[in-house]
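Below you'll find the structure, written out as structure tokens, and then a few comments.
Laboratory data are not the source of any read-out in this text; all were calculated from the coordinates shown. Since this is a predicted model, take the numbers as computed values, not measurements. Using ideal geometry, Cβ is built from the backbone for each residue, glycine included, and neighbour counts are taken over all protein chains shown.
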2 protein chains.
Amino acid sequence: FFFSLRCKAEGGHAPSQRHVALLPPFPLRDFLCLRSQVPKMTTIYVFSNVVSGRGSVLNVKGDVEMDALVMDGKTLASGAVSAVRNIANPVQLARLVMDKTSHACLTAEGASKFARAVGIPEVSQESLITEYARMRWTKNLAPDANPVESQMGKMGTVGAVAVDREGNIACATSTGGMLNKMEGRVGDTPCIGSGGYADNQTGAVSTTGHGEAIMKVTLARLILFHMEQGQTVEAASDVGLAYMKSRVGGLGGVVTVDPQGGWGARFNSLQMAWAAAQDDRLHYGLYAGERFSESLQTP
Amino acid sequence: FFFSLRCKAEGGHAPSQRHVALLPPFPLRDFLCLRSQVPKMTTIYVFSNVVSGRGSVLNVKGDVEMDALVMDGKTLASGAVSAVRNIANPVQLARLVMDKTSHACLTAEGASKFARAVGIPEVSQESLITEYARMRWTKNLAPDANPVESQMGKMGTVGAVAVDREGNIACATSTGGMLNKMEGRVGDTPCIGSGGYADNQTGAVSTTGHGEAIMKVTLARLILFHMEQGQTVEAASDVGLAYMKSRVGGLGGVVTVDPQGGWGARFNSLQMAWAAAQDDRLHYGLYAGERFSESLQTP
């Protein structure tokens, strides 16, 4: 079931942030790959555009440190890594934490040691850093820079939620975090209930936005509580995002599914690149209110 | 307001696990200290017995790695550290993350660098390790050992929730984690919504138990959702713990307060050392159903 997320992560490319505006934000072949390998899958959502670690934002020292989370809604099992370095695909490593350890999160050097133990190759920092990421880092070193504001609407987070025809639900989120963050900063992404949550009984949410604000309201779990109380996917997502804005001034976005295949891609930031595949259609958008559709039949 | 937690943490002693049975589990002078310094505080709860880092359980390599979280219910601001080494008081460091950075969590070496930058002295691993902790570590290195079961009811976690007369609420949780955990393992404690949550509008919860199970159900936030829907502190705590047991087979305990000063110390593990101070009385217990009381008047 989780193959979908691995497939996406391994088969995806990593366009630069400037390519977000080129919709759809990731190749159609990824969806076709998903559908051919996971025939029971009806719905998959992905937002933002950094599929692998390459292209992540840099911390204040100019390094890439990544966070990731996966969760299986059937068992509530989850795996996460935080502040991990020199890994091309942190979601894959998070999945291995879930499958191969008795723990739910490994951090920093401990996560790297685990990666080596299970045979995940190390990659160089240079291989993860793009010119665009370095340009943004340099720009935000200026004394009057506002990295949080600079990042809004241009998140480096990728998230996915999925539900198959049997109602099995999962989520995955992966990020390089906030522009010019401190070394060792851990954001919402690997924090269960904030960066994502999946429960077959309710649905799944994957979040992006200002991590520190998302954590204050445990945004993913908050939205699912509203769904437990009878709200639709879209209404619950909007209520959760509106609460985050009014209570702590935070902006962000989410992709949400329910066990019946209802889905939403909602945000109160300037933009969020998103796409959803359901049955034979691909839907996608970037700015508020946008929703384009095209056939998913193999050309 | 948060002085209470610092005062507790700095003034507390660290009895060995074997002293848990000696009730009350921490000195009366700590409560008197709290009350004299924070005259508006009506209620403070603390469970378990490892107040500082000393006495923490050891990871599989025999080292102490600690997690901690603090949260301010007025602003929803929080601070956390995960897998931090060589620090005597991780709650104090978590508080500094909240106060002195724009982030909510720092991990591992990044947290250590921050500690050095703000002048927190490093301490040796040896100074944090007790004979009892080393004995348990050795015992659980055996191939047939079950560290999770071995730890139930003898948690190394300390948690506190507090509310003052103005309804300001806070929580703090600190732990060495699970016996013989992997290097870099991060449990529920620094994960907002799992190890603790505080919101002036609802209440606060601090949790202890099997961290991986607590995270599956985001226990602290779950209990507060039940309180938002009108349940009492005790009922909401019991419902949350019962759900964790039935859904994922997890055992643990919580201390919970509401803005009116209602409080509970609830657990489904074998035992949980707890105490609560309210007005002029100190209440405390260890096994289910126990509740002793004594005067808090200065002798």
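Placing a pseudo-label 7 Å from each Cα along the Cα-to-Cβ vector at B:Met135 and B:Glu149 gives an inter-label distance of 2.1 nm.
Maximal additional length on extending the B:Gln201-B:Arg165 stretch stands at 11.5 nm, based on 0.36 nm per residue less the C-alpha distance.
Ranking of B:Leu69, A:Leu141 by neighbouring Cβ atoms within 10 Å, starting from the fewest: A:Leu141, B:Leu69.
Straight-line reach from A:Lys113: taking Cα to Cα under 12 Å and skipping same-chain neighbours fewer than 8 places apart, the aspartates and glutamates in range are A:Glu122, B:Glu183. Here the simple spin-label model places points 7 Å from the Cα toward Cβ, and for A:Gln125 and B:Ser102 these points are separated by 2.1 nm.
Taking other C-beta atoms within 10 Å as the exposure proxy, A:Leu222, B:Leu179 rank B:Leu179, A:Leu222 from fewest upward.
Across the stretch B:164-260, C-alpha contacts under 8 Å between residues 6 or more apart give a mean separation that, scaled by the residue count, equals a relative contact order of 29 percent.
Considering every residue in B:174-183, what mean count of other chain Cβ atoms within 10 Å of its Cβ is obtained?
The per-residue average across the peptide is 3.
Counted by neighbouring Cβ atoms within 10 Å, the residues A:Glu122, B:Glu65 run from fewest to most as A:Glu122, B:Glu65. Where a ≥ b ≥ c are the square roots of the eigenvalues of the C-alpha gyration tensor, would you call the stretch B:115-195 rounded, which needs a/c under 1.5, or, failing that, prolate if a/b is larger than b/c, or oblate? It is oblate, given that a/c is not under 1.5 and a/b is not larger than b/c. In terms of its C-alpha gyration tensor, the stretch A:129-269 has a prolate overall shape, because the principal axis ratio a/c (a ≥ b ≥ c, square roots of the eigenvalues) is not below 1.5 and a/b outweighs b/c. For the stretch A:84-187, which trypsin sites (Lys or Arg not before Pro) pass both filters: DSSP loop (anything but H, G, I, E, B) and at most 11 other C-beta atoms within 10 Å? In loop regions of the stretch A:84-187 (DSSP not H, G, I, E or B), the sparsely surrounded trypsin sites (Lys or Arg not before Pro) are A:Arg165.
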